[in-house]
1. Output the residue which, of all residues in the range 1-27 that are in contact with a Phe, Trp or Tyr (Cβ under 9 Å, 6 or more places away or on another chain) and at pLDDT below 90, is nearest to Ser66 (Cα to Cα).
2. Residues being basic (Lys, Arg) and under 11 Å from the mean Cα position of the chain (by Cα): count how many of those fall in the range 1-34.
3. Considering the range 28-60 alone, what residues qualify as being in contact with a Phe, Trp or Tyr (Cβ under 9 Å, 6 or more places away or on another chain) and on the phi > 0 side of the Ramachandran plot?
4. Please work out if Asn55 is within 12 Å of the chain's Cα centre (by Cα), closer than 22 Å to Ser66 by Cβ, surrounded by 10 or more Cβ atoms within 10 Å (Cβ to Cβ) and polar (S, T, N, Q).
5. Does the range 40-58 hold any residues that are in contact with a helix residue (DSSP H, G or I) (Cβ under 9 Å, 6 or more places away or on another chain), part of a helix (DSSP H, G or I) and closer than 13 Å to Glu4 by Cβ, and which are they?
6. Applying the selection to the range 1-32, what residues are in contact with a strand residue (DSSP E or B) (Cβ under 7 Å, 6 or more places away or on another chain) and outside any strand (DSSP E or B)?
Amino acid sequence: MIAEELPTDIADKCKMLNTMLGLHFSGIDLMLTPDNKWYCFEVNTSPAYSYFQLNTGLQISKARKSQNAKNFSKTKNVIKNKN
């Protein structure tokens with residue numbers, strides 16, 4: 001298994017989909033057809049990424065930890081501002 005970069009336009013669409021669904025993190029199942037068309041099968045709100053992490057060397061767990069800390073900080077600030 002090899003980690004591949006998505007084309008910028010597809011990556012941007014995935015980010016927009018994630019935002020539209022109100023998610024901070026998701027696993028988006030994509031397929032590229034032989035005629036270069038991209039299809040989205042599903043968006044997983046709690047993806048099991050350990051298989052990909054182990055087989056590609058991508059540091060998904062570290063990225064998740066960092067993102068969770070940022071999200072927690074934002075939520076804490078919103079709660080403080082409401083009081």
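1. Among residues in the range 1-27 that are in contact with a Phe, Trp or Tyr (Cβ under 9 Å, 6 or more places away or on another chain) and at pLDDT below 90, the one nearest to Ser66 (Cα to Cα) is Gly27.
2. Of the residues in that region, 1 qualify.
3. none
4. Considered against the rule, which asks whether it is within 12 Å of the chain's Cα centre (by Cα), closer than 22 Å to Ser66 by Cβ, surrounded by 10 or more Cβ atoms within 10 Å (Cβ to Cβ) and polar (S, T, N, Q), Asn55 comes out as no.
5. Phe52
6. Ile10, Cys14, Leu17, Leu21, Ser26
The values are calculated or read from the model by the stated rules, or taken from the named source; none is laboratory data. The shown structure was predicted, so the numbers you read here are calculated from the model rather than taken from an experiment. Cβ coordinates were reconstructed from backbone atoms using ideal geometry, including for glycine residues, and neighbour counts include every protein chain displayed.
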